[in-house]
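**Student:** Dropping the structure in here first, questions after.
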Amino acid sequence: MASSSSYKSLDEVTISDIIELGISSEIAQNLHKNLIQILQNYGNDTPETWNNISKHLLNPNLPFSFHQMMYYGCYKDFSSDPPAWIPDLESAKLTNVGKLLERRGTKFLGSVYKDPISSFLDFQKFSVSEAGDYWKLVLDEMNVSFSVPPSCILYEYSSEEGHPSYPGGQWLPGALLNSAENCLSVNSKRSLGDVVVKWRDEGDDEVPVKNMTLKELREEVWLVAYALQTLGLNKGASIAIDMPMNVTAVIIYLAIVLAGYVVVSIADSFAPREISMRLRISNAKAIFTQDYILRGKKRLSLYSRVIDADPPLAIVVPTGSSGFSTKLRDCDISWPTFLERVKNCKSDCFAAVVQPVDEFTNILFSSGTTGEPKAIPWTHATPLKAAADAWCHMDVRKGDVVAWPTNLGWMMGPWLVYASLLNGASMALYNGSPLDSGFAKFVQDAKVTMLGVVPSIVRAWKSTNSTFGYNWSAIRCFGSTGEASNIDEYLWLMARAHYKPVIEYCGGTEIGGGFVSGSFLQAQLLSAFSTPAMGCNLFILGSDGNPLPQDTPGIGELALDPLMFGASNTLLNANHFDVYFKGMPTWKGKVLRRHGDEFERTSGGYYRAHGRADDTMNLGGIKVSSIEIERVCNGANDTILETAAIGVPPLEGGPEQLVIVVVLKDLNNLETNLDTLKASFNSRLQKKLNPLFKVSNVVPTSSLPRTASNKVMRRVLRQQLAQINQGAKL
């Protein structure tokens, strides 16, 4: 990450400085002339200076080193929280929230209301203090329809009555609906002829982007829903999906929910053991999968991994046009045969199975600290939370095109489905690697308006320059989630799209969306959050375990208000209250909800994430427990006594790196070949847990620090590793 101290102030930048960056003399003179004009109008180091430089001086074709010179030079002596993007009032009034506030701001905020930018934080506080009114507003804005309306938006339990499943209150009591049906319905946001899915396969980069209208999507989903009924499963049965996130997977996902079954989300990168564990926990009766995944010239087997997990039934989608590469088990069904069962139902409307709002629609998995992933059910309310976040924070609206390289195995896959379809937008799916130039061209050709990323993808784009030459001017904003981002890399990202904002977004599978985010109505910093998510109240716990005074700077473990729309209220394989509420402090009579991340609130009111406060780490956007990793690493070599897996943030910022601290059986042999150990750890982790996991360093030690009850103090190790050279001995 660059440092502003190594750059000149903007008034000291010369034409020669610009030429030294590889810019021609003629262009350098024009740039310098325009720069001087901006400095004369707005000063040397103000946010308005940077705002004008980013909008009127810089473009994606200039060397990034010049972008850095301008950004770091402008903010060289800036005190704190330098904004990388600033909203303007006229554009703010055209956002979803801006339009709503212009129509009804005075009614809900009274004389406090001034304009969408000045009053945004007041509106956020209103979304918490008057949660029922807020969520009624947003559900109406998104045209959510109920087969039976709720008796109220929020029923808050008194301290006397209480309810273990609903600490604080119950959302939409009595409501009947189907969230998939809401995605497919015609309303003021959607007509049958609207394009709702855009996609392209890797390798078809010169072929026009394929489109699917709402009418076509509905008919495909209906057909699969009818075919699902031929399986003879009881309503509410769990059906897994282990596929890349392509258009077929999305059709299957919506059909399962529409027909009253429950999706079990399994990432297509998982090894058989991980697939089997998820099938067992969810009691899945069948699984949809694909023959193989094609990435460039590589064939990555998927069906063979799935059958090694021994599912009761697999419905297998062929990858190519030449049949299956592997013979199917006798009990399994090919996709063409599956659809052939209901060929007479093609185009017939399927009557959605409406259910109580708290019925499950999707089972996703998030690693806990016990070694077994937590099975987190999404209800019919959870998709509404995902879509509402997109409506408010990313300003997703009718006509937008939303792309987010992800998978249905992770929460951002279902999030993308609901965030786009419930808001009248198209989802853009690239069936291939997002790291190469083919994806960058797809973003251009599909005219993506909201592009979601994780920092590791941005890092790959920047290092290979794979986005160069492609026009991303249609992008209105980026979304970023999954791991800690890096300031320099996200400055580079913004530069690719003429400095459109990055909306940082942090939440969890158990929330169905975010608890802290950015907004189009606030100045956005790099690698920081500007607001609690709408409807969410954040608390930073002090050293005594109690909340610090709200709206004051501080750093500590994060806790959440229990009244969060769409958040989980049960787990399949753990006690939900014990996991999220037991032992937590109270605030105004409500038990706070545990989250576990360490967060900082700055003096300017922004938030920064500092990683996990417990022993769960975040590797490349995937949460995993130390125990899961240690269980694999302990068996890597017979010289190993024990290991501790630690996620350590690099000094320059960015996602956590996996360090394995190892205790050897022979304490006199600390100089064993660490490279060999590292290779062994990587091989086992990638085979047994996830091929994306990678050990960055192996550190030998004579013993692990422990509590009096013999628990390993990983936090102590994490602190030590952050302070010393990671290659040194403890």
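**Student:** Is it the case that segment 332-355 has a residue that's touching a Leu at 6+ places or on another chain (Cβ under 6 Å), of a type in the set (Gly, Ala, Ser) and assigned by TED's automatic domain parsing to the domain that holds Val247?
**Tutor:** yes
**Student:** While we're looking at this one, here's another question. Taking interchain pairs and intrachain pairs at least six residues apart, which have beta carbon atoms under 9 angstrom, with the first residue in segment 74-93 and part of a loop (DSSP other than H, G, I, E, B) and the second among the basic types (Lys, Arg)?
**Tutor:** Within 9 Å, the pairs are Lys76/Lys8; Lys93/Lys99.
**Student:** Of these, Gly583, Gly635, Gly596, Gly647, which one is farther than 30 Å from Pro691 by Cα, out of contact with any His (no Cβ under 9 Å at 6 or more places or on another chain) and small (Gly, Ala, Ser)?
**Tutor:** On the way: Gly635 fails: farther than 30 Å from Pro691 by Cα; Gly596 fails: farther than 30 Å from Pro691 by Cα; Gly647 fails: farther than 30 Å from Pro691 by Cα.
Of the residues listed, the single one that is farther than 30 Å from Pro691 by Cα, out of contact with any His (no Cβ under 9 Å at 6 or more places or on another chain) and small (Gly, Ala, Ser) is Gly583.
**Student:** Something else about it: Could you check, for segment 26-47, whether at least one of its residues is touching a residue at least 12 places away in the same chain (Cβ under 8 Å) and either aromatic (Phe, Trp, Tyr) or in contact with a Lys or Arg (Cβ under 6 Å, 6 or more places away or on another chain) (or both)?
**Tutor:** No: zero hits.
**Student:** May I ask you to list the residues in segment 124-139 that are of a type in the set (Phe, Trp, Tyr) and in contact (Cβ under 8 Å) with a residue 60 or more places away in the chain?
**Tutor:** Answer for segment 124-139, where residues must be of a type in the set (Phe, Trp, Tyr) and in contact (Cβ under 8 Å) with a residue 60 or more places away in the chain: Tyr134, Trp135.
**Student:** I want to confirm something. Restricting to segment 507-526 and keeping residues that are assigned to a strand (DSSP E or B) and modelled with pLDDT under 95, which single residue is surrounded by the most Cβ atoms within 10 Å (Cβ to Cβ)?
**Tutor:** The selected residue is Gly507.
**Student:** Just wondering, is there one or more residues in segment 585-603 that are β-branched (Val, Ile, Thr), out of contact with any Phe, Trp or Tyr (no Cβ under 8 Å at 6 or more places or on another chain), part of a loop (DSSP other than H, G, I, E, B) and over 14 Å from Gly508 (Cβ atoms)? Break it down stepwise before answering.
**Tutor:** We begin by selecting, within segment 585-603, every residue β-branched (Val, Ile, Thr); these are 586, 591, 602.
With the extra rule that they be out of contact with any Phe, Trp or Tyr (no Cβ under 8 Å at 6 or more places or on another chain), the set shrinks to 586, 602.
Now drop any that are not part of a loop (DSSP other than H, G, I, E, B), which leaves 602.
Those still in the list that are over 14 Å from Gly508 (Cβ atoms) too: 602.
Within segment 585-603, one or more residues are β-branched (Val, Ile, Thr), out of contact with any Phe, Trp or Tyr (no Cβ under 8 Å at 6 or more places or on another chain), part of a loop (DSSP other than H, G, I, E, B) and over 14 Å from Gly508 (Cβ atoms).
**Student:** Would a scan of segment 301-311 turn up a residue that is surrounded by fewer than 17 Cβ atoms within 10 Å (Cβ to Cβ), farther than 23 Å from Asn690 by Cα and either within 30 Å of the chain's Cα centre (by Cα) or not assigned by TED's automatic domain parsing to the domain that holds Ser238 (or both)?
**Tutor:** The answer is no; no qualifying residue exists.
**Student:** Another question about this same structure. With respect to the numbered conditions (1) within 29 Å of Leu39 (Cα to Cα); (2) in contact (Cβ under 8 Å) with a residue 60 or more places away in the chain, which one is the sole condition not fulfilled by Leu121?
**Tutor:** Leu121 satisfies every listed condition except (1).
**Student:** Please go through segment 270-284 and pick out each residue that is of a type outside the set (Val, Ile, Thr), over 16 Å from Val632 (Cβ atoms) and either surrounded by fewer than 20 Cβ atoms within 10 Å (Cβ to Cβ) or in contact with a Lys or Arg (Cβ under 8 Å, 6 or more places away or on another chain) (or both).
**Tutor:** Within segment 270-284, Arg280, Asn283, Ala284 qualify.
**Student:** Residues of segment 17-54 being in contact with a Leu (Cβ under 8 Å, 6 or more places away or on another chain), assigned to a loop (DSSP other than H, G, I, E, B) and among the aliphatic types (A, V, I, L, M), which ones?
**Tutor:** Ile23 - this is the single residue of segment 17-54 that is in contact with a Leu (Cβ under 8 Å, 6 or more places away or on another chain), assigned to a loop (DSSP other than H, G, I, E, B) and among the aliphatic types (A, V, I, L, M).
**Student:** A follow-up question, please. Identify the residue in segment 396-432 that is among the β-branched types (Val, Ile, Thr) and assigned to a loop (DSSP other than H, G, I, E, B) and, among all such residues, is nearest to the chain's Cα centre (by Cα).
**Tutor:** The first filter runs over segment 396-432 and keeps only residues among the β-branched types (Val, Ile, Thr), leaving 396, 401-402, 406, 417.
Those still in the list that are assigned to a loop (DSSP other than H, G, I, E, B) too: 396, 406.
Details: Val396: 15, Thr406: 8 Å.
Per the criteria, the residue is Thr406.
**Student:** Please go through segment 81-103 and give me each residue that is of a type in the set (A, V, I, L, M, F, W, C) and closer than 27 Å to Asn143 by Cβ, ordered by number.
**Tutor:** Ala92, Leu94, Val97, Leu100, Leu101
**Student:** Mind listing whichever residues of segment 333-375 are of a type outside the set (Phe, Trp, Tyr), in contact (Cβ under 8 Å) with a residue 24 or more places away in the chain and more than 30 Å from Leu172 (Cα to Cα)?
**Tutor:** If the condition is that a residue be of a type outside the set (Phe, Trp, Tyr), in contact (Cβ under 8 Å) with a residue 24 or more places away in the chain and more than 30 Å from Leu172 (Cα to Cα), then Leu339, Arg341, Val342, Cys345, Lys346, Ser347, Asp348, Thr369, Thr370, Gly371, Glu372 are the ones that fit.
**Student:** When you look at Ala180, is it closer than 16 Å to Thr382 by Cα, in contact with a helix residue (DSSP H, G or I) (Cβ under 7 Å, 6 or more places away or on another chain), surrounded by 21 or more Cβ atoms within 10 Å (Cβ to Cβ) and small (Gly, Ala, Ser), yes or no?
**Tutor:** The answer is yes for Ala180.
**Student:** Name the single residue that is modelled with the lowest pLDDT among those in segment 597-620 being surrounded by 18 or more Cβ atoms within 10 Å (Cβ to Cβ) and on the phi > 0 side of the Ramachandran plot.
**Tutor:** Step by step, filter segment 597-620, then rank; the result is Gly611.
**Student:** Here are Trp171, Trp222: which of them is assigned by TED's automatic domain parsing to the domain that holds Gly296, in contact (Cβ under 8 Å) with a residue 40 or more places away in the chain, among the aromatic types (Phe, Trp, Tyr) and surrounded by 18 or more Cβ atoms within 10 Å (Cβ to Cβ)?
**Tutor:** On inspection, the qualifying residue turns out to be Trp222.
The values are calculated or read from the model by the stated rules, or taken from the named source; none is laboratory data. Please read all numbers here as calculations on a predicted model, not as lab measurements. Ideal geometry is used to build each Cβ from the backbone, glycine not excepted, and the neighbour counts take in all protein chains shown.
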